[in-house]
Each structure stands twice: as C-alpha cells, then as structure tokens.
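One structure below.
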Amino acid sequence: MKVLVLGGYGLIGEAVVGRLLRDGHHVAGLGRDVVDAERRWPAVRWIATDMSRLLAAEDWLPVVTGMDAIVNAAGALQDGPRDRLDAIHRHSVMALVAACEQAGVRRFAQISAIGADFSSTDPFFNSKAQGDRAVASSSLEWTILRPGLVIAPAAYGGTALLRALAAFPAFIPAVMSRQPIQTVAVTDVAEAVSRAVAGSLPPRTAVDLVEVQARPLADVLLAFRAWLGLPQAKVVPVPAVVGRLAAATADGLGLLGWRSPLRSAALAALARGVTGNAGPWNQICGRPLQPLEATLAAMPAHIQERWFARLWLAKPVIFGCLALFWLASGIIGLIRQDEAASILVSRGVSANLADMSVLAGSAADILAGAAVLVRPLARPALLAMIAVTLFYLAASTLLVPDLWLAPLGPLVKTIPMLCLVLVALAVLDER
C-alpha cells in the first residue's frame, strides 16, 4: 500500500515509518524539516511542507491523491513561534480528512493523546479532541489511537527529561512524584498503526494504548535509573512552586523558539495524570501491552544513554553561560570604551579608528550573545562567535604580540571559549 505518515521523523512517526517499511508498504513522510530525515530514511519519499498552512482540502489534494492510507503522527505541545495548536490539531486535520474523502483514500490512523477532551481548558487537549472529532465524523475507515507516555530508544522531549532526572547525581528531583503514569512502548504504538493500516482492527475504533497498571512518576524515574545502570538513589519531591517557575521559564524560552519539555502544557498533563483504559485494546488483541519493565528490557542502555542522560541538563547551562559571557563582554566594552580604545591608540591606531573598533566589537558581542538565545538564530550566532573569537585572537596577536607571553594571554583565554562554542554546536540539534 501507499502510506503517508505526517510527522514521520518524530518520536512516534519514525517508529511508524520503520514498521511500515518492514511491512512492505511504500511510505511517504511529511514534515517541515526533512533534510536529516532524507539522509536517515532514503527509502521514504519525503515531502517538505508545514501542515499548519494546509487549511483547505484543495491544499491537501496534491499530497494525498494516490495514497491508500494516512497516518497522522504530527503534533505540537504548545503554541509558539512555529507551532499553532488550533491549526495543526484541528483545522489542518479537518481539511486533510475532507481531501482524503475526495481523493478516495481508504484508511486513516490518527495518533491522538491520552486526555484529549472537548471540555479541557488546556489548548493541547482541547485541540486534539477537535481533530479527533473531525476524523471520527468522516466516512473513512478510521482508527484513533491514544498512547500514554511513549517510551522509545530515541530520547525526545519528555522522555529525554525523564532520563536526565533519573541520572541526576545523588538524588532524583521530581515534581508531582505521586502522579499516576501508564507507559507504552513505541514499538507497540507502531504495531497498532500497522494493524490499522492493514485493516485488521475493527473499523472506526478509538482506543487508549497503555500498560495495564498505572504507577507513580517516582517509580518510573527509579525504573529509568536502574535501566541506566546507575546506583540507587532516593526520589526527592520538588515543591510545586519550583515546577511552576520552571514551566514559566520554559514558556518564555518557547517564545524564543526552544521547545522545552518543561513547558506549562507538559506540567498540566502531568497534573491530571497520564492514564487511560487498557481494557478495550486488550480485548481487541487478546493480550496486554508490555509494561514499562519489559519495554526497558527490550532496549538495553549502553554508554551513550548514560552520557546523554548525565549531560542533557548541561545544554541550557552551556547556552546560558555563552549568552551571559558575550552580553557582559559587549556591555563592559561599551561602559569602558575609553580604556579599551586607549590600548589600541597606544599601539599606533588612530583615535577615531580605535573608538569605532571598540564600538563595533561591543555591538558584535551583544548581538551574538542575544542571538544565541533565539533558537532559529542559535547556529548562525555560534558560528559568528567562532569567527569573532578568531578575529580577536588574530588582532591581539598583531597589535599586542607581547601578550602571548602573559599567563592569561590570548591563546589561553581563547581555547576554552572555542571549546564551549563547539560543544554548543554539537548539542544544538538534540531535541
């Protein structure tokens, strides 16, 4: 069959793509940024487009024509510069369903979320429910799957945060550590989608995909710590106010394009508990979905998982330190402009050129420090930091060569900065 997977390079979408390829289907994937996905999955025909802009059936018709099935694994957690929940979860899905009916697409698998509800005041759950209703009211052979906390070999969003908290030194910090959680293996989600595409599920079915027993968040974190092979540690409850402050900070960073798993929408989901009804799916399949212990046992952790878990929380620290250093450097240069210019004048540079050089350097530092905080500008800012640092190194060598003999000469001060910038570049693409 010809199957289109929306969000085909996400945590769930990528597992679905792999499963459908193994099933022998011809798979196309759709997403905004498909360059990396094209390298990882060359067997997939990738379509680069933003589904939040496809809000009419006519927009979708060229995409879905000729397809036998659609899998919607796309979604966003919270509104932001690139994400509009109502457009992604509701209006685009409504237009997509209409296009599928016109194009004669037979089957539609909608990956929704535990807690999707029209009465919810949370935009994520409300918009998800609106999209589900559009699918359920169609004439297609639809299946709506609502997974719990999805556990996968890939570390993405909330599961990356779980690993980082589980690997915290000496103790495990946790907000709302008693909230109930039901997990599901990403392989089980992909299996459910495979059955929906093949038509082996009862038509027009909406089910939760969760393990049978719920467990508190604290137990999930302890299971992850044991999976990582780290020594036992105590879960220390973190006051709710700390969680709210972290969520407020993450929401602010979200306005700058950073899609943190700590945002208020994730906190709201945790507050209500990530639980569903395992019974209907177990009746359909005749067996329960695998519990967390079996999920983790099927994907043993190695050194790369421990490295990732231990260093994941260092990412915001790295970017924060870089921004603070460059902003402070530029501001101090402006405040002490005369002193900085006098050094250049003492080396034979004209007064006007010295003043202009200090102003230009301060402006470059401030721009780089501010730009690295904006997600779409972070990579250009990091590259600019490397270029500016090397320029400063070359200029100081030419103008003040005797500084090379000083204990804190240009080379000693430059190497740590370049290393920090290179580390930031290395972790920038990790989500």
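Label-to-label distance for Val241 and Ile303 is 4.4 nm, based on points extended 7 Å past Cα in the beta-carbon direction. If Lys and Arg each add +1 and Asp and Glu each add -1, what is the summed charge of the other residues whose beta carbon sits under 13 Å from the beta carbon of Lys2? Result for the local shell: +1. Enter the Cα centre distance for the pair the range 80-99 and the range 360-384, rounded to the nearest angstrom. First find each Cα centre; the distance between them is then 33 Å.
Here the dipole of the chain is about 660 debye; that uses its Cα centre as origin and unit charges on the Cβ of Lys and Arg (positive) and Asp and Glu (negative). The local environment of Ala167, defined by Cβ-Cβ distances under 11 Å, has a net charge of +3 under the rule Lys, Arg +1 and Asp, Glu -1. A simple count of charges around Gln130, restricted to other residues whose Cβ falls under 15 Å of its Cβ and scoring Lys, Arg +1 and Asp, Glu -1, yields 0.
Please grab the % of Cα pairs in the chain that end up more than 30 Å from each other. The proportion of pairs with Cα distances above 30 Å equals 51 percent. If you average the C-alpha positions of the range 264-332 and of the range 111-129 separately, how far apart do those two centres end up, in angstrom? Each part reduced to its Cα centre gives a spacing of 21 Å. The rule of thumb for compact globular proteins, 2.2 N^0.38 Å, goes into the C-alpha radius of gyration of the range 202-263 1.62 times.
Computed from Cα atoms alone, the Kirkwood hydrodynamic radius reported for the range 280-331 is 15.2 Å.
Taking a ≥ b ≥ c as the square roots of the eigenvalues of the Cα gyration tensor, an a/c ratio of 1.5 or more together with a/b no larger than b/c marks the range 92-153 as oblate. For the chain, the per residue solvent-accessible surface stands at 47 Å², with DNA, RNA and ligands left out and a 1.4 Å probe. Packing around the peptides 230-236, 365-371, 255-261, taken as the average count of other Cβ atoms within 10 Å per residue, puts them in this order, highest first: 365-371, 255-261, 230-236.
Mean silhouette area of the range 280-373, derived from the convex hull of its C-alpha atoms and averaged over all directions, reads 11.1 nm².
When the solvent-accessible area of the range 90-211 is split by element, carbon and sulfur atoms take up 55 percent of it, the probe being 1.4 Å.
The values are calculated or read from the model by the stated rules, or taken from the named source; none is laboratory data. The structure displayed is predicted, hence computed values, not measured ones. When we count neighbours, we look across all protein chains shown, and the Cβ atoms used for this are built from the backbone with ideal geometry, even at glycine. Accessible surface areas use protein heavy atoms only, side chains included; no ligands, DNA or RNA. Shrake-Rupley method; radii C 1.70, N 1.55, O 1.52, S 1.80 Å.
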